[in-house]
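The structure under discussion appears below in the form of C-alpha cells.
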Amino acid sequence: MKVNDVVTYAVEGSIAVITVNSPPVNALSNAVRQGVASAVETAIGDPAVGAMVLICEGRTFFAGADITEFGKPPVEPTLRNLQLVVENATKPVIAAIHGTALGGGLELALVAHYRIAVPSAKCGLPEVNLGLLPGAGGTQRLPRIVGVAKALDLMTAGSPVSAKAAKEMGLIDELAAEGQLRADAIALAQRVLDEDRPLLKVRDRTEKLDAARGKPEIFDDFRKANARKFRGFNAPEAIIRCVEATLDLPFDEGMTFERQLFNELQADSQSAAQRHVFFSERQAAKVDSLPADIPILPIAKVGVIGAGTMGGGIAMNFANAGIPVTLVETNEDALFRGLRIIRGNYETTARKGKMKPEDVDTRMGLLTGSIAMEDLADCDLIIEAVFEQIDVKREVFAKLDRIAKPGAILATNTSYLDIDDIAAATSRPDSVVGLHFFSPANVMKLLEVVRTKDTKPEIIATAMKLAKTIGKIGVLVGNGYGFVGNRILAARNGQADQLILEGATPWAVDKVLYDFGFAMGHFQMRDLVGLDVGWNPKTTSSANVREILNEMGRHGQKTKGGFYDYDENRKQTPSPVAMQVIEDFAAKQGIVRRDVSDAEIQDRILFAMVNEGARILDEGIASRASDVDIVWITGYGWPKYRGGPMFWADLQGLPTVLDRLKALEAAHGAAFAPSPLIERLVAQGKGFKDA
Ligand code: T1G
C-alpha cells in the first residue's frame, strides 16, 4: 500500500517491506522521513509482522539528508527523531543497501538492527566534504561498530568504502547476491526471527571502543598525520573531537556534543562554501542554452597530436575510460619517449595500489602510436597538444581539415590562443572546440570546454558529456584571452609582479596566499610550472623580472633556482639572487621600494581576481559566477572552504568589494577600475549569485 508519494508498505509472510522511491538519490527529504516513520510504526503495530526490511528503489539507498532542505526550518520527524523510531522499534529492522548509502542514509542504517548490502554497494559518511560532520549520530555510532581508528579515517576522508570492506570492518552484517537484495534481505529478516536474534542497538555496543581507551595518542597522532590535508578546514577537527567524546561521554551526552558541533559547523561560512561547491560542480555540467534533446555524438575513437607532457596526459584520460587513442608525434623518438612516460605513469599508479597491475597493459593496449597524421582519419575526436604558437596550431588544423573524416570534432588544447583564429584555418570552423586540460592532464579535474563563435551546439553538448565520461569537471567557457582560469591568473600575476617591485618579497606574497588557504603561493607555483613556459630566448629582452631570471638560467624548480632556491629534495628557500634581481629592476624602473603590508597584498591580489571574474561574467565568457568559482577551485587550488572567488566576494558583500576597488583604483590605477557588473549589482542590492 502507498504510505505517501515516496514510500510504500507491503507484507510478505511475516516480514514487512518498506520501500522508498524518491529520485534522484532517495535523499532523506521531509516526505521520505514522514513516510518511513509512518511505515515503521505501522509494522510495529501490525500483529502479522515479526520483522521489517527498509529498502530503496532506483539508483541507491538513501544518499544522505536532503541538502536542498538545509537552512530551512526543520519539519518533523527530523532525521534524529526518525532514527529513534527505528532504533526503539520492538521488532527487528533490516536495512537493505544498494548504490551509495551516504551521510544521513548510512546513519539511518546504523540505527537498524542489521544491515545487508549487495557487493556493488558503497557506504560512507561524506559530510566533511560539505564542511559538516555526520550530524545524526554517525560520530557516536560508527566508532562503536568499526572502532575509533577506522571511524576517524572514514569520516575525515569523506569517501565511501566498498560493501566488502564495510563487512570486514563490521559496518554491515551480510552481503546479498547482486540483484537479489530484496529477497536476501527478507530471508535475513526471517532468519533473525527464526533464530530469535537480539535487537542489537549500535549505541549499546562498546567492545570496539575498548581498544582505544587510555590511548589519547591515537587522536594526536591522527591530527599530526593529517595536518597538511586538514589545514584551514574546521570540520575534520570537529569530527575528531566527537570521536574522542565516544570514549569520554555516555552515548546521549555524546549525541548532545555532536549536535552542538554540527550546529556550529552548519552556521559556519565554510559549510556554506562547500555546499555551494557541491551544487556548483553539478550545475557547471549543465548548459542551460542547449535544448534537452540535443544529440550527443558518439566518440568511439580519439586522436591526440603531440605525445609530450600534455598530449600524453590527455591520451591517458581516454585510455582510462576505455576509449582507444591514436597518439601522433613528429618522429619515432618523441613518440616512444611519450609512450614510455605514459607506461611509467601507469606503473607508478599500480605500484601505489591505485590500479591493478594487469590494467597497465590493458590501458597501454588502447594506445596506438603513429608518426602520420593520416592515421587519425577514422577518429571521432582529434585533440591537438602541440607547441603553443598560433602558426603551428593553424598549420596543424589546416592539415587536420584535409585528413579528418566528416563530422569529426577538432579540438585544441591551447591555454591562451584565439580559437576562432585556429578554427579559421579549417573549412569546418563549426566543428572546432577548445578542450583546455590542466597539467598534469591525467590528474587535474578541471576541463575548460571553450566554445567559439561557430562551435555547433551538438559539439558543445558532446564535449560536456565527454568531460563527465573521462572523470573531469567540464566548465563551458567563451573564447577570449586565457578563457576564464588563466585570465584571472593573469590578473593575479599582474598584481604579484607589481607588489614585489614596490617592496613586497615573493615569499611574503606566497605566505599571504598560503595562509588564505591556497596549497602553495604564487611564486612557488610559477617556479613549479617553470618560468620559461612561453618564454622565447630568441626574443627575450630583460623586459621584466621573469625574463631576467630566465636569461640567468633560473627557470624555476627544474633548474634548482627561480624566485626560490631549491635543494636536492626540492625544498625551497628565499633566493637572495632573485631578490637582488627584483631590487635592481625596481631601481631601473625608478620605483622606490616601501614596506607593503600583508593586508595590502591580500586585497590587491584577491580583489583584482574578483574584478576580472566580474568582467568575464559581464562579457559572457562565463555564464555563471559559480562556474568561475569551480574553475578556480578545481583548476588552481582556491581553497574549497572559501567557495571560490565570486562566492568569497559575496561573503565580503559587493558594496564592500566596490568600495575597496575604488580605493585601490585611486591608489594603484586602472587595473582596479570596478567592473560595470559589480556597480550594477550593488545598485540593485544583489550579489554575484544573482548575476
Ligand atoms: N540531497 C539533495 N540532492 C542531492 C543529494 C543530497 N544529499 N545528493 C545528490 N543530489 C542530487 C544532485 O544535486 C543531482 O541533482 C542528483 O542528485 C544526482 O547527483 C545528517 C547532514 C549520491 C554519489 O554528501 O555524493 O546527510 O543536478 O549528479 O554523480 O549527517 O550525488 O540531477 O538536479 O552527484 O551519480 C550527505 C552527496 C548529505 C552525498 C550520486 N550526503 N551526493 O552521484 O549523481 S549531508 C552526501 C553525492 C548529511 C547527515 C548529514 C552524489 C551521489 P540534479 P549527482 P552521481
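Under 17 Å of direct C-alpha separation, and excluding same-chain neighbours fewer than eight residues apart, Lys2 reaches no lysines at all.
The trypsin sites (Lys or Arg not before Pro) found in the range 322-409 that occupy coil by DSSP, while having at most 15 further C-beta atoms within 10 Å, are Lys352, Lys354.
Classified by the C-alpha gyration tensor, the chain has a prolate form. Its axis ratio a/c, with a ≥ b ≥ c, is 1.5 or above, and a/b is larger than b/c. Put simply, when 366-376, 587-597, 608-618, 481-491 are sorted by average Cβ atoms within 10 angstrom per residue, most first, you get 608-618, 481-491, 366-376, 587-597.
Remark: the chain carries a charge dipole of roughly 440 debye about the Cα centre, counting +1 on each Lys and Arg Cβ and -1 on each Asp and Glu Cβ.
Between Gly635, Gly214, Leu410, whose Cα lies farthest towards the positive end of the dipole of the chain when Lys and Arg beta carbons carry +1 and Asp and Glu beta carbons carry -1, centred on the Cα centre? About the Cα centre, the residue reaching furthest to the positive side is Gly214.
A Cβ-based charge dipole, computed about the Cα centre of the range 504-589 with Lys and Arg at +1 and Asp and Glu at -1, lands at about 160 debye.
Counting charges near Gln389 (Lys, Arg +1; Asp, Glu -1) among other residues having Cβ under 14 Å from its Cβ returns a value of -3. Counting every other Cβ atom within 10 Å of each residue's Cβ, Ile630, Ile341 order from fewest to most as Ile341, Ile630.
For the range 17-92, applying the loop criterion from DSSP together with a ceiling of 15 other beta carbons within 10 Å to the trypsin sites (Lys or Arg not before Pro) yields Arg59. Computed over the range 58-122, the alpha-carbon pair-distance distribution with 5 angstrom bins reads 4, 18, 24, 24, 17, 10, 3, 0, each value a whole percent. Using just its DSSP H runs of length 4 or more, each adding -39500 (n - 2.57), the chain gives a mean residue ellipticity at 222 nm of -14500 deg cm²/dmol after division by all residues. Reducing the range 416-435 and the range 259-298 to their Cα centroids gives an inter-centroid distance of 31 Å. Under 5 Å from the amide H of Gly137 lies no amide H of any residue 5 or more positions distant or on a separate chain, with H modelled from the backbone and absent for Pro and chain starts. Summing charges over neighbours of Asn317, with a neighbour being any other residue whose Cβ is under 13 Å away from its Cβ, gives +4 when K and R count +1 and D and E count -1. Summing Cβ point charges (Lys, Arg +1; Asp, Glu -1) relative to the Cα centre of the range 302-480 gives a dipole of roughly 740 debye.
Loop-located GluC sites (Glu not before Pro) in the range 530-609 (DSSP state not H, G, I, E or B) with no more than 15 neighbouring Cβ atoms inside 10 Å: Glu568.
Overall shape: rounded for the range 372-457, with the ratio a/c of the largest to smallest alpha carbon gyration tensor axis below 1.5. Positive end of the dipole of the chain, charges at C-beta (+1 Lys, Arg; -1 Asp, Glu), about the Cα centre: which of Gly534, Pro143, Leu28 has its Cα farthest in that direction? Going by the charge dipole, the pick is Pro143. Eigen-decomposition of the gyration tensor built on the alpha-carbon atoms of the range 606-659 gives equivalent ellipsoid semi-axes of 16, 14, 9 angstrom, largest listed first. Each Lys or Arg adds one and each Asp or Glu takes one away; over the other residues whose Cβ falls under 15 Å from the Cβ of Asp378, this sums to 0. Separation of the range 561-582 and the range 107-172, taken as the distance between their Cα centroids, equals 46 angstrom. P(r) tail, the range 151-261: Cα-Cα pairs separated by more than 23 Å, 46% of all pairs. Averaging the sequence gap over all C-alpha pairs within less than 8 Å and six or more residues apart, then dividing by the number of residues, gives the chain a relative contact order of 8 percent. When His276, His668 are sorted by how many other C-beta atoms sit within 10 angstrom of their C-beta, beginning with the fewest, the order is His668, His276. Per q in 0.11, 0.14, 0.15 Å⁻¹, report the Debye log10 I(q)/I(0) for the range 302-480, using one uniform scatterer on each alpha carbon and no solvent. Per q value, in the given order, log10 I(q)/I(0) is -0.42, -0.68, -0.79. Quick check on my link table: of Lys167/Lys208; Lys511/Lys571; Lys640/Lys689; Lys229/Lys640; Lys468/Lys689; Lys538/Lys588, which ones sit more than 21 Å apart, alpha carbon to alpha carbon? Lys468/Lys689; Lys538/Lys588, as the Cα separations exceed 21 Å there.
Between the range 378-411 and the range 618-678, the C-alpha centres lie 35 angstrom from each other.
Considering only Leu82, Ala625, Gln602, the residue lying farthest towards the positive end of the dipole of the chain is Leu82, judged by Cα position with unit charges set on Cβ. What the Cα convex hull of the range 1-156 gives, in volume per residue, is 107 Å³.
Every read-out reported here was derived from the displayed coordinates using simple, explicitly stated rules and does not represent laboratory data. Keep in mind the model is a prediction, meaning the values are calculated, not measured. So basically every Cβ, Gly included, is an ideal-geometry build from the backbone, and we count neighbours across all protein chains shown.
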